[in-house]
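Trainee: One structure coming up, written as structure tokens, with questions to follow.
Throughout, read-outs are computed from the coordinates displayed, never taken from laboratory work. What you see is a predicted model, and the numbers here were worked out from it, not measured in a lab. Backbone-built Cβ (ideal geometry, glycine too); neighbour counts: all protein chains shown.
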Amino acid sequence: MRAQCVRCVTRAECRLRAWTAGLVRGVPFPRPGAPRARRRVVPVPVAPGAVLAEARGVRVRLGGREVLAGVDVTVRAGEVLALVGPNGAGKSTLLAALAGDADRTGGEVRIAGRPVGAWSAPELALRRAVLPQSASLAFPFPVAEVVRMGRAPWAGTEREERDDAEVAAALAATEVSAMADRPFSALSGGERARVALARVLAQRAPLLLLDEPTAALDLRHQELVLRLCRERAAAGDAVVVVLHDLGLAAAYADRVAVLAQGRLAADGPPAEVLRDELLSEVYRHPVEVLPHPAGGAPLVVPVRGLAAMRKTEAGPSTAGAIKAAALPRR
Amino acid sequence: MTAAGTRAPEADAVGEDFPVKCVRPPRSSARGRAAWVLTAGMAAALVALALLSAGLGAYDIPLGDVLAAVRHRVGLGGHGLDRTAESVLFDIRLPRVVLAVLVGASLGCAGTLMQGVFGNPLAEPGVIGISAGAAVGAVGAIALGLSFAGNWTVTVCAFAAGLATVLLVYAMSRDGGRTEVVTLILTGIAVNAFAGALIGLFIFFADNAQITQIAFWQLGSLSQATWPKVLAVLPCALAGLLAAPLYARRLDLLALGERPARHLGVEVERLRRALILVVALLTASAVAVAGIITFVGLLVPHLLRMAAGPGHRFLVPGSALGGALVLVAGDLAARTVAIPAELPLGVLTALIGSPFFFWLLRRTRRRQGGWA
């Protein structure tokens with residue numbers, strides 16, 4: 001039987017491509033693994049703990065500055081990994097590297113066992129979904145259409161039948177069902193952020209890469225988003241989420257990776273990683289970590305007022321101290 | 001027979017291979033209905049206007065006679081007309097109407113594609129200088145007396161120059177995957193100025209007969225329509241018009257931005273290259289026969305977007321249909337408002353299109369809160 005071209009979006013294109021492929025049957029396609037393969041390998045569920053993505057010694061230079069200077073991260077199915085660190089530490093760049101976007105100057109990124117560059121864009125789209133830091137849209141599509149765009153990778157597969165259900169579920173999960181028919185451009189910043197998240201959820205990729213999904217959101221919706229991350233992890237997916245709120249990271253992440261100046265300063269369970277000394281060094285501001293009165297979960301509190309001023313003045317110096325704090329690395 | 005050879009062995013660990021079937025998803029209801037109503041309405045209006053345009057003019061032919069003569073020609077009954085009427089209808093009016101349809105469809109469609117690629121509703125082949133670039137090729141071919149491709153020489157030159165211009169504009173106006181409105185418009189000004197200078201240079205070197213011919217490019221008109229001209233642009237325009245709808249879905253995704261589109265499986269670079277080629281094809285075919293006709297590619301997609309939403313699956317074919325409709329109507333007006341004189345079509349579309357462009361600029365600025 002004749003299978004369909006991977007990139008087909010309309011039936012006409014499918015036929016056209018099938019026909020043209022027929023003309024050159026027997027002639028191998030130039031790039032192995034390239035999207036013209038006539039079948040698409042659809043990901044199957046993996047056991048919890050299986051490695052879905054890993055970065056090994058990843059280096060990235062942007063504008064002459066080394067933004068990532070050799071970072072190792074492993075992302076496993078069934079866990080929420082929070083990337084935290086001060087501004088400019090390389091969190092978003094690491095996320096972009098895991099997504100296959102950043103131009104690496106060194107190191108390797110593997111997704112679902114294969115180097116990220118070996119996947120075609122359509123195949124990669126079935127394996128990882130990415131939420132960008134800010135959502136923009138060139139034309140005023142209605143919200144439901146924007147979320148439906150997340151289903152595009154599945155066009156032409158058997159799972160396409162679930163499109164309507166997935167879109168509805170994503171709209172409901174992010175509490176934007178009520179605005180499904182409104183144009184995206186008419187929404188507030190927080191609403192746009194949730195719609196963008198709904199699009200990423202609807203994609204149903206086993207690896208979710210979220211760049212500051214809570215930045216524009218109020219308290220209630222911040223908690224909602226992190227709960228959604230937990231739900232997806234419980235369902236066997238892997239979630240990597242860039243966060244600024246260390247309290248959220250402490251409460252919801254299985255693992256926290258602390259980045260500072262392009263390096264990994266720590267990587268482990270929140271209770272191990274979120275320590276006074278380390279955070280004070282990394283953020284160059286005194287931080288206290290206290291156990292929550294009920295339950296004992298770590299509460300991260302920046303020291304404020306006079307005490308803070310005194311501490312910063314006497315405070316920690318830069319790079320050397322961070323390295324000292326970071327050791328031993330995991 | 002399929003991908004077995006091209007799959008990496010590791011893929012087995014993470015994937016399962018099953019035949020992919022081709023199913024088209026259901027359309028959304030209200031928007032879909034609006035699109036169908038619009039399509040039907042525009043198609044009906046186009047047919048009516050085309051018939052009207054074939055009959056009206058300095059030499060009036062009644063509608064009944066037009067229908068009868070056309071049916072007679074294709075062998076479906078009807079009856080012939082007298083020699084003058086036959087000649088006016090088949091040698092002058094019909095090629096002109098067909099050309100208006102082709103040129104209008106090309107311009108409307110090119111406008112939509114352009115706006116989709118740049119992610120910017122102000123992009124249009126005329127505004128950003130692609131039409132002028134293609135005209136340089138056409139004028140150059142005339143002034144230098146080129147004839148290496150026979151009847152198709154002017155089209156080929158217009159295509160080559162148009163393609164070069166699109167690439168230039170694209171390279172100059174994009175930065176970090178985005179096109180700022182200001183950069184785009186300024187690039188258009190620069191390209192238009194340069195193209196104008198080149199056309200001036202060709203005029204300087206041309207003889208009188210060539211100058212008359214060249215003057216026609218600059219105004220934009222369909223008055224020299226003949227069947228050979230229709231044939232000269234037909235392949236270009238048809239190829240572009242048939243290819244364009246294949247990219248509709250991916251253009252929708254491109255509205256999210258380049259990276260998000262790539263995250264959803266669009267091979268952005270490849271898509272962009274293909275679309276630029278299609279835009280050059282469409283613009284060149286329009287410019288090669290009709291000169292520079294601006295604003296059709298701006299006005300039509302905008303009105304349709306307001307009526308039926310920004311989804312490209314309707315917008316791409318819809319703007320071709322709408323462009324054809326606007327140009328047939330425009331040409332009819334150009335021919336008949338000042339009988340026996342004839343307004344240049346390009347002048348007419350610019351007269352109507354410029355205020356619209358002005359309004360659009362104001363609205364874009366208001367939305368962005370300044371150009372920054």
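Trainee: What average number of partner chain Cβ atoms lie no more than 10 Å from the Cβ of the residues making up A:121-132?
Mentor: 4
Trainee: What 222 nm value per residue comes from the helices of the protein assembly as shown, counting each DSSP H run with n ≥ 4 as -39,500 (n - 2.57) and dividing by all residues, nearest 500 deg cm²/dmol?
Mentor: When only DSSP H runs of four or more count, the value is -17000 deg cm²/dmol.
Trainee: Another question, then. In the protein assembly as shown, how does Rg compare with the Kirkwood Rh, expressed as the Rg/Rh ratio over alpha carbon atoms?
Mentor: Using only Cα positions, Rg/Rh for the protein assembly as shown is 1.06.
Trainee: While we're here: On average, how many beta carbons from a partner chain sit within 10 Å of the beta carbon of a residue in A:293-301?
Mentor: 0
Trainee: Which residue, chosen from B:Val289, B:Val139, B:Ala239, occupies the Cα position most advanced towards the positive end of the dipole of region B:105-364, where the dipole is computed from +1 (Lys, Arg) and -1 (Asp, Glu) charges on Cβ about the Cα centre?
Mentor: B:Ala239
Trainee: Scattering from the C-alpha atoms of chain B alone, worked out with Debye: what is log10 I(q)/I(0) at q = 0.08 1/Å?
Mentor: -0.45
Trainee: At what distance in nm do the modelled label points of B:Val70 and A:Ser177 sit from each other, each positioned 7 Å from its Cα along Cα→Cβ?
Mentor: So the two model labels end up 5.2 nm from each other.
Trainee: What per residue convex hull volume, in Å³, do the alpha-carbon atoms of region B:76-200 yield?
Mentor: Taking the convex hull of the Cα positions in region B:76-200, it is 153 Å³ per residue.
Trainee: Something else about it: Multiply the residue gap between B:Phe148 and B:Ala40 by 0.36 nm, knock off their C-alpha separation, and tell me the result in nm, one decimal place.
Mentor: Using 0.36 nm per residue and subtracting the Cα-Cα distance, I get 34.6 nm.
Trainee: Still on this model: Let me see the pair-distance distribution of region A:205-251: every alpha carbon pair, 5 Å bin width, integer percents in order.
Mentor: Whole-percent P(r) values from 0 Å outward: 5, 22, 34, 25, 12, 2.
Trainee: Positive end of the charge dipole of chain B (Lys, Arg +1 and Asp, Glu -1 on Cβ, about the Cα centre): tell me which of B:Ser87, B:Gly330, B:Trp359 has its Cα farthest that way.
Mentor: B:Trp359
Trainee: Per-residue HN-Hα couplings for region B:86-97, Karplus 6.51 cos²θ - 1.76 cosθ + 1.60 at θ = phi - 60°, whole Hz, x for Gly and Pro?
Mentor: Residue by residue, region B:86-97 yields 4, 5, 4, 5, 8, 9, 10, 6, 4, x, 5, 5 Hz.
Trainee: If you average the alpha carbon positions of region B:131-182 and of region B:34-87, how far apart do those two centres end up, in angstrom?
Mentor: The distance from the Cα centre of region B:131-182 to that of region B:34-87 comes to 35 Å.
Trainee: Along region B:110-118, what does the Karplus equation 6.51 cos²θ - 1.76 cosθ + 1.60 (θ = phi - 60°) give for ³J(HN,Hα), rounded to whole Hz, x for Gly and Pro?
Mentor: Karplus values, whole Hz, x for Gly and Pro: 4, x, 4, 4, 4, 5, x, 5, 7.
Trainee: Taking H placed 1.01 Å from N in the peptide plane, check which residues at least 5 places from A:Val303 or on another chain put their amide H under 5 Å from its amide H.
Mentor: Here A:Val287, A:Glu288 satisfy the definition.
Trainee: Going from the alpha-carbon gyration tensor of region B:180-230, what semi-axes, largest first and in whole Å, does one get by taking the root of 5 times each eigenvalue?
Mentor: Its equivalent ellipsoid spans semi-axes of 27, 17, 7 Å.
Trainee: Percent relative contact order of region B:229-294, based on C-alpha pairs within less than 8 angstrom and at least six residues apart?
Mentor: The value is 47 percent.
Trainee: Which longest run of chain B has no exposed loop site in it, a site being chymotrypsin sites (Phe, Trp or Tyr not before Pro) in a DSSP loop with at most 14 other beta carbons within 10 Å, and the site itself not part of the run?
Mentor: Longest gap between qualifying sites, sites excluded: B:149-370.
Trainee: Let me ask something else about it. Just tell me how shielded A:133-142 is by partners: mean number of partner chain Cβ atoms within 10 Å of each residue's Cβ, no decimals.
Mentor: 6
Trainee: Another question, then. Could you work out the relative contact order of region B:105-364? I mean the mean sequence separation of Cα pairs under 8 Å and 6+ apart, divided by the number of residues, in percent.
Mentor: For region B:105-364, the relative contact order is 33 percent.
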